[in-house]
Structure formats: structure tokens, C-alpha cells
Number of protein chains: 2
Amino acid sequence: MRPTKRDELVQKALDAFYRNGFHATGMDMLVAETGISKTSMYKHFRTKEDLILAVLRLRDERFRNWLYRRMEELGQSPKEQLIAMFDALGEWFEEQGFKGCMFVKASSEYQEPSNPIHMQSADHKRLLEQHFTELATRGGFSKPGLLARQLLLLKEGAIVTAHLGHTTDPAQDAKKAAISLLNLQSQL
Amino acid sequence: MRPTKRDELVQKALDAFYRNGFHATGMDMLVAETGISKTSMYKHFRTKEDLILAVLRLRDERFRNWLYRRMEELGQSPKEQLIAMFDALGEWFEEQGFKGCMFVKASSEYQEPSNPIHMQSADHKRLLEQHFTELATRGGFSKPGLLARQLLLLKEGAIVTAHLGHTTDPAQDAKKAAISLLNLQSQL
DNA sequence: GACTAAATGTACCGATCTGTTCACTTTGGC
DNA sequence: GCCAAAGTGAACAGATCGGTACATTTAGTC
């Protein structure tokens, strides 16, 4: 196996797109930043859109893996893990280079619901919802679907707000709200 | 007063940018869509960025006016009005042509915090926070600042989620969460 | 009807965009 | 050492980008 060049391209393209945006990052800039020739790029990906889709696949895998693992590290029970999500988010917001949610930005630049980039961004959110619904179900909450969706609303709101540069920490505000919601819903 | 041409340009440019995005909407497309000559555009605005900033000013004025008025129409007390925000959002989501929050999209395409477009988008969010904090204060809640920020997290999350096309209505989920948070905080 | 300000149409600038072509070099396995 | 696969560099195509120049036409005022 030589997953080298292609994966290296996707990984470095991820950084560039995340930092600069999609339209604003041209293929020539990718050549300059990745050190990979344009010929090679177009041998691996027929179009820029294909490359972006590959980038989003990698981002989805990495982000979900990171978030799920961090939640497990920070919390024992399903309830604790759901709360811990907001501590994980807080850590993310503090990282240098944090620039919001890549999928929100992708769907902002490619808005038509029929656009593959938009659809793939929506898929990412659906996967998150599934996972949180399962977690809420395991936690024995009476309305796991509703609870999961509400916690995700807080998550999305916190990410957007953190990106727009608030003085207070949105992750902490969201965490407090989440605790209230979790304590209100009856558990088995 | 002849607020005609310039205002007409800003208004039609708003539609085009909202529908197509900022980078994806070129000045030539604006000429085609607005019927206003490029020469006139560049007499009113020195750069595309200046035009975008004017568009965002108009959007800020219109959106806040609409939201605040709708909240007053749908609710009597401050508490009722805060809850009614999510019904207003639900109405917005149902409108054809709904494409998410223009300021989130603007800050997604112009990410650097020092960018005027990014800064103006952040200003819009700050104005919302001020207004909601005042409303929560008038409602006699014990922590009006925190409550306002939490309700705004739910708002931002609902808008993003509605844009990414969920099956269930994010406005309703957010409304239920908001009611819980409002009932939990002690009022004078 | 004359004067002025505003708007128009069109051609153009240099830069950049996505994507292609082609001749050449590197690399790894046998 | 040989061969094929993979990668390189640079030039190029055609379209579009933001922005300008200039001569002309429209519209409002006295």
C-alpha cells in the first residue's frame, strides 16, 4: 500500500480549505501549499469538487472520531458524556486556527440542496444526530430524539458564536443549558 | 430625495448575494440581475467589498426590525416574546428562498476576524445579544445575560440546522428547549 | 430649450480561475 | 539494469474575476 501522495494531498487541502475557504482557495494555491503538482492532483481527482468531497469525507471521519473519543474520555455515563461534549467543544474553540465548522462553511458556499457538497455536509450532521440519539437512548431519557436534536442545536449555535468571536465562552453557556435540559428529562 | 438607484442596487444585490453567495456572485452577474450598469455601481461603491458592507447594513436593519416586530406581535410579556422568537424563526424557515443566516455565511466566506465583512457580521450578533439581554432584564430573570446568550445559541443552531435540511422542524425543538430554560430561571 | 448630474453601453485591463497538454524525471519491483 | 507507474514542471486554453476608460444618452431644473 502507498496511501502517500493522494492522502497527503487531501490532508493538506483540508488545511488550506479550512483556513481560506473553498472558493477563495484556487488550485494554484493548493499547488503552492501542498508541493504537489497540478498534474498529479487532476490525476487523483477529476475536478475541484471531487477533491472537496474527499476533503469533507476526511474531515467527517476525523471530527467525529475526535469528538466521540473525547466525550468518552471526559464522561462515564451517557449523560456525563453528553455534557462533556461541551467541554470538548470548549477545547476546540481554544485551539489556534479554529475557524468554525467546516460543514457549515461548505454548505454556505455551496447552497443548493442538490449540490453534492451540500448533501455531504448534511450527511455529517445526520451522523451526529444518530450517534447522539443512541447515546440519549442508552441514557434512558424519555425523549432521546428530541433531546439529541436540542443538544445539537446548542452545539451548532456554540460553534457559530465562537467563530464570530464572542467575549464570553459559548461552550460554557451551552453546557449550562444542556445540563438543565438533561436534568429536566426523566430518566428510567 | 432620490434614494432610488443606489438603494435599488443594494436591495437587488442583497437578493443575489443571499441566493448565490458572495464569492460566487460576480459583478457581471449583478449587472445582469439588477439591470444597473457596472459604471453606476462603481460610482456608488468603490469596491465589491464596500457594496457587500452596504448590503449587510441593509440586511441587519431589515432582519432585526422584522424579528423584533414579529416577536412583539406574537407575545405580550418579555417572556412570551422571547418564546415567540422561535415561532417567528419557524415562519422564516418555511419561506421559499430561505438559505440560512446571511451573516454566518458572510463570516464563513470572509473568515479573518480583522476583515470588515467579518467584523460587521459580528456586530449584528452583538446587537441581537444586547436586545435580548434587555428583554430578559425587563422580564425579571435572575441571569439575563446568560439567558439571552443561551437563547441565541438555540437560535443560531436552529438556523444552521434548518439550512442543512432536517426532517423535523428545528424551530420547534429550539422553542421547547427555550421554554425549559425560561421556566427554570427564577423571575422577580 | 439649455445646462447639469446621473446613468448607460461597451470595450478593455491584468489577474486569476478550473482544467489540459506534453515532454520529462523519479521511483519501486522484478 | 529494465520497465511501468507515478509524479513533475511549465506552458497553455478559455472563461471569468474585480475594476477602469470613454463616449453617449437620459432625466430633472431653471
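The values are calculated or read from the model by the stated rules, or taken from the named source; none is laboratory data. Since the structure is predicted, the reported quantities are computational estimates derived from the model, not experimental observations. Backbone-built Cβ (ideal geometry, glycine too); neighbour counts: all protein chains shown. Heavy atoms of the whole protein, side chains included, go into the accessibility calculation; ligands, DNA and RNA do not. Shrake-Rupley method; radii C 1.70, N 1.55, O 1.52, S 1.80 Å.
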For the pairs A:K105/B:K175; A:K143/A:K175; B:K143/B:K176; A:K48/A:K176; B:K125/B:K175; B:K43/B:K105, note any where the Cα-Cα span goes beyond 30 Å. A:K48/A:K176
Assuming R0 = 51 Å, can you tell me the calculated FRET efficiency for the pair A:E33 and B:R19, based on Cβ-Cβ distance, to the nearest 0.05? 0.95
With x for Gly and Pro, the residue-by-residue ³J(HN,Hα) of region A:9-14, computed from phi through the Karplus equation 6.51 cos²θ - 1.76 cosθ + 1.60 at θ = phi - 60° and given in whole Hz, is 4, 4, 5, 6, 5, 4
Heavy-atom accessible surface of chain A: percent carbon and sulfur, 1.4 Å: 50
Inter-chain shielding metric for B:115-122, i.e. average beta-carbon neighbours from other chains within 10 angstrom, reads 2
Only residues of region B:139-161 count here: report those whose backbone N is under 16 Å from the spot 7 Å along Cα→Cβ of B:E95, or say none. B:159-160
What number, rounded to the nearest 500 deg cm²/dmol, is the helix-based mean residue ellipticity at 222 nm of chain B, given -39500 (n - 2.57) per DSSP H run of at least four residues and division by all its residues? -25000 deg cm²/dmol
Separation between the A:E134 and A:S114 pseudo-spin-labels, each 7 Å from Cα along Cα→Cβ, expressed in nm? 3.4
Roughly how many Å² is the accessible area per residue of region A:1-121, as a whole number, for a 1.4 Å probe? 49
How far apart, in nm, are the 7 Å Cα→Cβ label points at A:R6 and B:Y68? 5.6
Give the interface area between chains B and A as buried accessible surface, both sides summed, probe 1.4 Å, in Å² to the nearest 100. 3400
The distance between the Cα centres of region B:42-85 and region A:21-91, in whole Å, is 33
For A:Q76, which inter-copy label distances result when the label point lies 7 Å beyond Cα on the Cα-to-Cβ vector, reported in nm to one decimal and in ascending order? 4.9
Given springs between every Cα pair under 10 Å in a Gaussian network model of chain B, which of B:G139, B:G35, B:G21 has the largest fluctuation? B:G35
Net charge (Lys, Arg +1; Asp, Glu -1) of residues whose beta-carbon lies under 14 Å from that of B:E91, B:E91 excluded, is -1
Ascending list, in nanometres, of distances separating the B:D15 label from those of the other copies (7 Å, Cα toward Cβ): 4.4
Note on region A:57-184: contact order normalised by length, alpha-carbon pairs under 8 Å, 6 or more apart, percent, works out to 29
Using a 1.4 Å probe on protein heavy atoms, which residues of region A:132-163 have at least 20 Å² less accessible area in the complex than alone? A:L146, A:R149, A:Q150, A:L153, A:L154, A:E156, A:G157, A:V160, A:T161, A:H163
